[in-house]
Amino acid sequence: MASRDDIMIEITPQVLLKAYSCGIFPMAESAEDPALYWIEPQHRGILPLDQVHVPKRLKRTIRSCPFSVRADSDFDAVVDGCAASRPGRRSTWINSRIRHLYRQLFDLGHCHTVEVWDGDDLVGGLYGVALGGAFFGESMFSRARDVSKIALVHLCGRLSHGGFVLLDTQFVTDHLRQFGTVEVGRDEFQGLLEEALKVSADFGRLPAEVSGEQILQFLNGASAPGGEG
């Protein structure tokens, strides 16, 4: 289900957060189209944070990862990566209005990134919106093998340890299904979202940079450094 907004209507960060709280999110037809479409899927992808499946090979990669993984250090570079053309996809839905709105949400502390760095080069990452105990995944990208998977696992560990109870992936893909993503109907999603919005979670409970070994431990319910519960 989608509806197009009038391009003259101002969408503020507050309006955007209200939309998310109702289970609605915006997309653009293309980077060149200034209009936004409000999307409310009949079926929604969610990744249960207490049932995240990390394949054995990926666990080994995460433990021995030659990259550094950080949160919230370069929002604009992550959006650039998500918006860039890639094999099989020449255009993007991330237009200038999307960039501006989510940058505002980032400045307000409601939008977050997970970034995979190879030295000074950003090789992958993702971004999404945090509201209460819900995290709404928006987009991810990868410029090297497995880095978007590494970013997703780090996101799940960070969310789990931060007290989040709902990870909305919007849709289900083969890439997401291997981690345990399932599809739920709109009514079930609304019920999960309603409960998640009552929760006070903290994306920044962990330091900006943590190791892969620590993240895998957090997914198993371990405490953060310093003895936090």
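Some points to look at:
- Unmet requirement for Thr92, which otherwise passes all of (1) in contact with a strand residue (DSSP E or B) (Cβ under 8 Å, 6 or more places away or on another chain); (2) outside any helix (DSSP H, G or I); (3) over 22 Å from Val210 (Cα atoms); (4) not aromatic (Phe, Trp, Tyr): (1)
- The sole residue among Gly109, Gly119 that is farther than 27 Å from Ser200 by Cα, open to solvent by 30 Å² or more (accessible area, probe 1.4 Å), small (Gly, Ala, Ser) and out of contact with any Leu (no Cβ under 7 Å at 6 or more places or on another chain) is Gly119.
- Residue match in the stretch 27-48 (condition: among the small types (Gly, Ala, Ser), buried (at least 19 other Cβ atoms within 10 Å of the Cβ) and modelled with pLDDT of 95 or more): yes
- Listed by first and then second residue, the pairs linking a residue in the stretch 13-25 that is open to solvent by less than 10 Å² (accessible area, probe 1.4 Å) to a residue that is aromatic (Phe, Trp, Tyr), with Cβ atoms under 6 Å apart and 6 or more places separating them unless they lie on different chains, are Tyr20/Phe136.
- Taken over the stretch 53-63, the criterion of being open to solvent by 30 Å² or more (accessible area, probe 1.4 Å) and in contact (Cβ under 8 Å) with a residue 12 or more places away in the chain is satisfied by His53, Pro55, Lys59, Thr61, Arg63.
- Count of the stretch 200-221 residues, restricted to those that are surrounded by 14 or more Cβ atoms within 10 Å (Cβ to Cβ), more than 17 Å from the chain's Cα centre (by Cα) and part of a loop (DSSP other than H, G, I, E, B), is 2.
- Within the stretch 95-131, the residues that satisfy the criterion of being part of a loop (DSSP other than H, G, I, E, B) and touching a Ser or Thr at 6+ places or on another chain (Cβ under 9 Å) are Asn95, Gly119.
- Within the stretch 130-171, the set of residues being aliphatic (A, V, I, L, M), modelled with pLDDT of 95 or more and farther than 12 Å from Val114 by Cα comprises Ala130, Leu131, Ala134, Val165, Leu166, Leu167.
- Test set (1) at pLDDT 95 or above; (2) of a type in the set (A, V, I, L, M); (3) closer than 25 Å to Leu58 by Cβ - Ala224 fails condition number: (1)
- Residues in the stretch 132-176 that are part of a helix (DSSP H, G or I), open to solvent by 20 Å² or more (accessible area, probe 1.4 Å) and among the hydroxyl-bearing types (Ser, Thr, Tyr): Ser160 alone.
Each row is one residue, and each column tells you yes or no for (1) touching a residue at least 60 places away in the same chain (Cβ under 8 Å); (2) among the aromatic types (Phe, Trp, Tyr).
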{"position": "Leu47", "(1), (2)": "yes, no"}
{"position": "Asp50", "(1), (2)": "yes, no"}
{"position": "Pro66", "(1), (2)": "no, no"}
{"position": "Val69", "(1), (2)": "yes, no"}
{"position": "Gly81", "(1), (2)": "yes, no"}
{"position": "Phe106", "(1), (2)": "no, yes"}
{"position": "Glu115", "(1), (2)": "no, no"}
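- Residue tally, condition open to solvent by 50 Å² or more (accessible area, probe 1.4 Å) and more than 14 Å from Tyr20 (Cα to Cα), over the stretch 177-197: 6
The values are calculated or read from the model by the stated rules, or taken from the named source; none is laboratory data. Predicted model, so just to flag it, every value in this text is computed and none were measured. Quick reminder, even Gly has a Cβ in these numbers, built from the backbone with ideal geometry, and neighbours come from all protein chains shown. Please note that ligands, DNA and RNA were not included when accessible areas were found on the heavy atoms of the full protein model with its side chains. Shrake-Rupley method; radii C 1.70, N 1.55, O 1.52, S 1.80 Å.
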